[in-house]
Amino acid sequence: MKLISVVTPCFNEEKNINRCYLKVKSIFSEYIGQYNYEHIFCDNYSNDSTFEILKDIAANDKNIKLIRNSRNYGVLKNNFNGVLAAKGDAIILLIPADLQDPPELIPKFINYWENGYQIVYGLRKKREEFFILAIVRKIYYRFLSVIANINYPADAGDFQLVDRVVLDAIKKSYIADPFMRMSTFDTGFDSIGIPYTWRRRKHGRSNNNFFNMIIQGLDGITSFSNMPIRVTILLGFLISLSSFLYFFIVFALIFLGILPRGDQGTLTIIAAIFLLNGVQIFSIGVVGEYVVRVLNQVRGRPHVIEKERINF
């Protein structure tokens with residue numbers, strides 16, 4: 001029988017983890033005799049009772065596999081490490097412990113996969129969250145879709161089912177800073193999207209704070225687009241050209257006696273210095289983001305260091 005892998009990253013999810021386990025188990029109970037499944041929980045060194053709950057579950061259910069990290073490595077690397085450990089013929093890249101992405105879509109994912117699609121992805125058409133944050137997310141993902149070097153659907157997240165050939169293609173290259181939701185589309189295999197509503201979290205608070213979301217957003221932009229570097233080059237050229245023309249015009253007006261010599265020239269120079277310094281600092285930051293990614297790639301460090309594995 002074919003094996004389907006499900007990956008769930010978690011950190012301090014003691015209120016949600018059992019619900020997640022039972023929900024996925026109930027779905028695959030409908031496929032007994034058709035598919036085997038493994039549910040890989042990747043614990044990012046939780047400091048509540050999440051890991052103890054998972055150990056008890058894994059002791060009684062061999063379909064449950066558990067990875068315990070030596071420390072918190074962030075959600076993206078934790079999730080990616082779990083996906084790399086998956087052995088399935090198809091892999092569901094992410095079922096969140098809080099079930100904001102609905103596991104009820106798994107049967108539809110499997111059906112499309114059996115009909116020949118190597119990538120079946122969820123499309124977050126609606127979001128049950130604070131409307132300003134929902135708008136910001138939509139703007140960001142549409143911007144990312146436009147500037148990306150690949151064909152990336154704007155509302156697609158990590159809630160995807162991918163065929164083994166997709167994961168094998170991703171594993172051919174070392175990715176120091178994974179942004180998995182776009183890596184799948186980079187492979188170019190046949191894909192189809194299923195719209196759904198991203199649900200409000202019912203228990204506990206998310207550990208993915210605003211600062212982490214900004215870092216993840218930068219990962220997405222710098223992983224699959226050269227646009228920021230090219231815009232910086234173009235911006236520098238235009239500002240340099242404008243500055244040259246401006247000072248040429250000012251010099252000509254002074255030489256012709258139209259513009260009197262005075263303090264306005266000093267104020268203009270001060271304003272220009274502040275503008276150019278701002279552009280330089282911004283440009284250095286953009287270049288720095290790419291340099292850090294290159295440095296991480298060259299170092300080749302493991303995505304996480306595991307403390308233990310259970311049921312592997």
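How far apart, in nanometres, would the label points at Met1 and Val287 be if each is projected 7 angstrom from Cα along the Cα-to-Cβ direction?
Going from the Met1 label point to the Val287 one covers 5.8 nm.
Straight-line reach only, C-alpha to C-alpha below 16 angstrom: list the aspartates and glutamates that Lys171 could link to, leaving out same-chain residues fewer than 8 apart.
By straight Cα distance, Lys171 reaches Asp89, Asp163, Asp186.
Between region 107-124 and region 10-72, what's the alpha-carbon centroid distance in Å?
Each part reduced to its Cα centre gives a spacing of 23 Å.
Taking the Cα centre of region 1-99 as the origin, how large is its charge dipole in debye, to the nearest 20, when only Lys and Arg (+1) and Asp and Glu (-1) carry charge on their Cβ atoms?
Numbers: 12 positive and 11 negative charges, 44 e Å.
The calculation lands at about 220 debye.
Not counting ligands, DNA or RNA, and with a 1.4 Å probe, what is Leu238's accessible surface area in Å² rounded to the nearest 10?
80
Taking a probe of 1.4 angstrom, what is the accessible area of His303 in Å², to the nearest 10?
His303 has an accessible surface of roughly 20 Å² with all protein chains in place.
Restrict the search to region 148-179; then list the trypsin sites (Lys or Arg not before Pro) that DSSP places in a loop and that have at most 14 other Cβ atoms within 10 Å of their Cβ. All intermediate terms of the calculation are to be shown ahead of the outcome.
Working: sites: Arg164, Lys171, Lys172; in loops: Lys172.
Here the trypsin sites (Lys or Arg not before Pro) that fit, given the DSSP loop and packing criteria, are Lys172.
Under a 1.4 angstrom probe, counting protein chains only, how are Arg142, Arg301 ranked by accessible area, largest first?
The residues order as Arg301, Arg142, largest area first.
Give me the one-decimal nm value for the distance between modelled label points at Tyr140 and Leu245, 7 Å along each residue's Cα-to-Cβ direction.
Result for the modelled spin labels: 3.6 nm.
Just read off the accessible area of Ser70 with the full protein assembly in place, 1.4 Å probe, to the nearest 10 Å².
The value for Ser70 is about 50 Å².
Nearest 0.05, what FRET efficiency do Asn18 and Ile194 give at R0 = 41 Å with Cβ-Cβ as r? Walk me through the numbers on the way to the answer.
Details: r = 27 Å, r/R0 = 0.65.
The formula returns an efficiency of 0.95 here.
Given region 1-114, what count of lysine pairs have C-alpha atoms under 15 Å apart, with each pair 8 or more places apart or on different chains?
Details: Lys2/Lys87; Lys15/Lys23; Lys25/Lys62; Lys25/Lys65; Lys55/Lys65; Lys62/Lys87; Lys65/Lys87.
So the count of such lysine pairs works out to 7.
The values are calculated or read from the model by the stated rules, or taken from the named source; none is laboratory data. Just so you know, these numbers come straight off a predicted model, no measurement behind them. Quick reminder, even Gly has a Cβ in these numbers, built from the backbone with ideal geometry, and neighbours come from all protein chains shown. Surface accessibility is based on the protein's heavy atoms, side chains included, excluding ligands, DNA and RNA. Shrake-Rupley method; radii C 1.70, N 1.55, O 1.52, S 1.80 Å.
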